[in-house]
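Data block below; observations after.
The values are calculated or read from the model by the stated rules, or taken from the named source; none is laboratory data. Because the structure is predicted, anything quoted here is derived from the model rather than measured. When we count neighbours, we look across all protein chains shown, and the Cβ atoms used for this are built from the backbone with ideal geometry, even at glycine.
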Amino acid sequence: MRIGVLGSPTSWVFREMERVAADVHDMVPIPFSQLSVGLDGPGTSLFCSNESSECREWLDSLDAILIRPMPLGSLQQVVFRMNLLQQINQQHRVVVLNSPATIESSVDKYLCLEKIRGGKIEVPATFLAESAATALLHFRQLAMDAVIKPLFGSGGKGIERVQELAIASKLFSQKVENGEIIYQQQFIDHGDTDFRLLVIGDRVLGMQRTHPGHWITNIQQGAIASHHTPTPLEIEIARLAADRLGAQMAGVDLMYDRSGRPLVIEVNACPGWQAISNVSDTDISALVLDHLVTEVNRKQQPV
């Protein structure tokens, strides 16, 4: 099979996919900057890359596309990339992991929590506002102990804990001046530890992340990873969250409060797996490839 990896050809993920593909499958790197699209009369759109001057031949040669995290860009670039992926998903039989609709739902932190919450899945109290005055009312509702996050973002970047009214007022006013939405979430005392549950099809793998003396537990921010075997409840929660987003592959971030109540903080529909691979006895890259191959074979079966 020929599988496109939408991301940098120098990334760890691409090198891993080449390793597990060996001589059986062909991995094709597709940097976002190489994508283009055009309209040339009736029929499907023309999707191109630098690899081939024949647009239709390039896309039709792929059996699947694995989408990696989208690089930072302007609003126009982000909208263009998502619209292009939607068109590919709708107009061609190529398997796209995950679907553009799923990725859009997970990138927006608030929309993600809105879609997954309910039943077995509890989420922290969360508020959004455009007005600093309204956000301050929300801040008081959160007992003046809130985590302020960018609505879009990952890796623990740009988040901070605020516990003083004066600091919150200044921060919220700055966000309004910058045209940002004010996203704040109840601070959960989680003992400097949380869990990443990686869903790949029916499989759920686990990793514990601990950052001694610090409440931000992202690996990129210095947390330490260790192996974790998910409990039956964690497996149920992870699968349910992925299912509600329509995700075949997802990274579910879960933490426990001091009473032992599990809370889902975020779900990533383009999860990396380097950190969890380092503490797992499972070849996760092989699992990802096996899932893609299974989905391609399933989609190619006659209806």
Mind listing whichever residues of segment 197-213 are surrounded by fewer than 19 Cβ atoms within 10 Å (Cβ to Cβ) and within 19 Å of the chain's Cα centre (by Cα)?
Gly201, Asp202, Arg203, Gln208
Taking segment 121-154 and the residues there that are more than 26 Å from Arg258 (Cβ to Cβ) and within 19 Å of the chain's Cα centre (by Cα), the one that is modelled with the lowest pLDDT would be Ser154
Restricted to segment 60-102 and to residues being in contact with a Lys or Arg (Cβ under 7 Å, 6 or more places away or on another chain) and surrounded by 15 or more Cβ atoms within 10 Å (Cβ to Cβ), the residue nearest to Leu240 (Cα to Cα) is Val95
Could you check, for segment 6-22, whether at least one of its residues is modelled with pLDDT of 75 or more, assigned to a strand (DSSP E or B) and closer than 20 Å to Gln87 by Cα?
yes
Subset of segment 256-280, residues outside any helix (DSSP H, G or I) and under 14 Å from Pro230 (Cβ atoms), comes to Tyr256, Pro262, Val264, Val279, Ser280
Here the residues within segment 105-135 that are surrounded by fewer than 18 Cβ atoms within 10 Å (Cβ to Cβ), part of a helix (DSSP H, G or I) and free of Cβ contacts under 8 Å to residues at least 60 places away in the same chain are Leu111, Glu114, Ala133, Thr134
Return the pairs, sorted by first residue and then second, in which the second residue is hydroxyl-bearing (Ser, Thr, Tyr) and in a loop (DSSP other than H, G, I, E, B), the first residue lies in segment 214-229 and is not assigned by TED's automatic domain parsing to the domain that holds Ile159, the beta carbons are less than 6 Å apart, and the residues are 6+ apart or on different chains.
Ala223/Thr217
Selection within segment 140-196 - in contact with a His (Cβ under 9 Å, 6 or more places away or on another chain), in contact (Cβ under 8 Å) with a residue 60 or more places away in the chain and surrounded by fewer than 19 Cβ atoms within 10 Å (Cβ to Cβ)
Thr193
